[in-house]
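Quick notes on the structure that follows.
The values are calculated or read from the model by the stated rules, or taken from the named source; none is laboratory data. No experiment lies behind these values; they were computed from the predicted model shown. Counting neighbours? That spans all protein chains shown, and the Cβs are built from the backbone with ideal geometry, glycine included. For the accessible areas, the whole protein counts, side chains as well, though only heavy atoms, and no ligand, DNA or RNA atoms are used. Shrake-Rupley method; radii C 1.70, N 1.55, O 1.52, S 1.80 Å.
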Amino acid sequence: MKKFVFKLIFGFVILPVSVAGTLFYLNKTGFFNIQKIEVVLESPTPGQEQFLKPNVDGLEVALAKYKGLSLWNIKMKGISKDVSQFDWVESAMITRSWPATLAIKVKPYEVKLLLMGKAGKLVPIIKDGSFLAPVDAKQAPDVALLDGESFAKKAELRKKAVDVIEQIPAEGSFSKKTISEIRFDEKEGFWMTMIKTGTRVKMGEDQVALKSARVSQVVEYLETRQFDARVIDANLSKKVLVRLRKDP
């Protein structure tokens, strides 16, 4: 009976107190002081590395103030608030990695489009049409540029442009990769300019995925026959109209 009581006392009193005392001692001597801050990106979009790297570097610099502090004692809410100040961060998960690493897993916003800003800067646009902080051209992701003052003034129009570009395939003869600029006309809807040829493509505002497939077929046909198109009008019910460079 005495042995049983002793085991109970040891298991529920002496051992926990001993462990707590050891951890308290280690904490006081700096064993849990943060030595490394690790920022990891969750599913970054391919082709946006040049945009994300300076942003990640900036986040690491901002969090460097936590180095040397006890991983045991730091307030996670304060760190979360610091991370949320960065507009390119969609969400973040912050964890303690014992004994001395602060780990931040960040999901970045994907830049969908760009807008020309002041002093040659480019303004990234995310899924809801919102702006991120302007960046230099060399840092900007390789996405299409919105052209027109109306995009700068109307968030709902930027969101509509994002919805349109999302319906266009990532690869192919007519795809996100082949589009350099997007314009908008109140009567005719969206116009797109192709990078390689400068061909202007009239897309309108609806059935963009279907029209994109038709334009892709037309572009392939023109390329095989070495025709130089000036305008491709896909904003028609069942056909695509092509105007060649030599046409009036």
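Can you give the charge dipole size of segment 25-141 about its Cα centre, rounded to the nearest 20 debye, using +1 on the beta carbon of Lys and Arg and -1 on the beta carbon of Asp and Glu? Intermediate results must be reported in sequence, preceding the final value.
On the way: 16 positive and 11 negative charges, 81 e Å.
Value, rounded to 20: 400 debye.
Could you work out how much longer the chain between GLN226 and LYS118 gets when fully extended? Use 0.36 nm per residue separation minus the Cα distance between them, nm to one decimal.
Full-extension gain reported as 35.0 nm.
Give me, ordered by chain and number, the residues 5 or more places off ILE126 or on other chains with an amide H under 5 Å from its own placed amide H.
Long-range HN contacts for ILE126: LYS112, LEU132.
I'm spelling it out carefully: the read-out is semi-axes √(5λ) of the Cα gyration tensor in Å, the candidates are (1) 57, 19, 15; (2) 35, 18, 17; (3) 26, 19, 19, and one was derived from this structure. Which label?
The calculated read-out lines up with (1).
So, with +1 on the Cβ of K and R and -1 on the Cβ of D and E, and no other charges, what is the size of the charge dipole of the chain about its Cα centre, to the nearest 20 debye?
860
Any idea what angle helix 49-63 forms with the longest principal axis of the chain, computed on alpha-carbon atoms, 0 to 90 degrees, nearest 10?
30
What pairs from LYS77/LYS105; LYS112/LYS187; LYS160/LYS202; LYS127/LYS177 go past 20 Å between their alpha carbons? Write out the running numbers ahead of the final one.
Numbers: LYS77/LYS105 15 Å; LYS112/LYS187 24 Å; LYS160/LYS202 16 Å; LYS127/LYS177 18 Å.
The answer is LYS112/LYS187.
Put +1 on the Cβ of every Lys and Arg and -1 on every Asp and Glu Cβ in the chain; which of ILE179, MET194, GLN167 then has its Cα farthest towards the positive end of the dipole?
Of the candidates, GLN167 comes out farthest on the positive side.
Short version: what are the Cα gyration tensor semi-axes of segment 84-215, square root of 5 times each eigenvalue, largest first, in whole Å?
Each semi-axis is √(5λ); the values are 32, 17, 14 Å.
How much length is gained on full extension from LYS153 to SER43, taking 0.36 nm per residue of separation minus their Cα-Cα distance?
Between LYS153 and SER43, full extension yields an extra 36.5 nm.
Which Cα, out of MET93, PRO124, TYR109, lies furthest along the positive dipole direction of segment 45-136 (beta carbon charges, K/R +1, D/E -1)?
Among MET93, PRO124, TYR109, the one farthest towards the positive end of the dipole of segment 45-136 is MET93.
Compute, for MET116, the solvent-accessible surface of its heavy atoms (probe 1.4 Å) with the complete set of protein chains present, and express it in square angstrom to the nearest 10.
110
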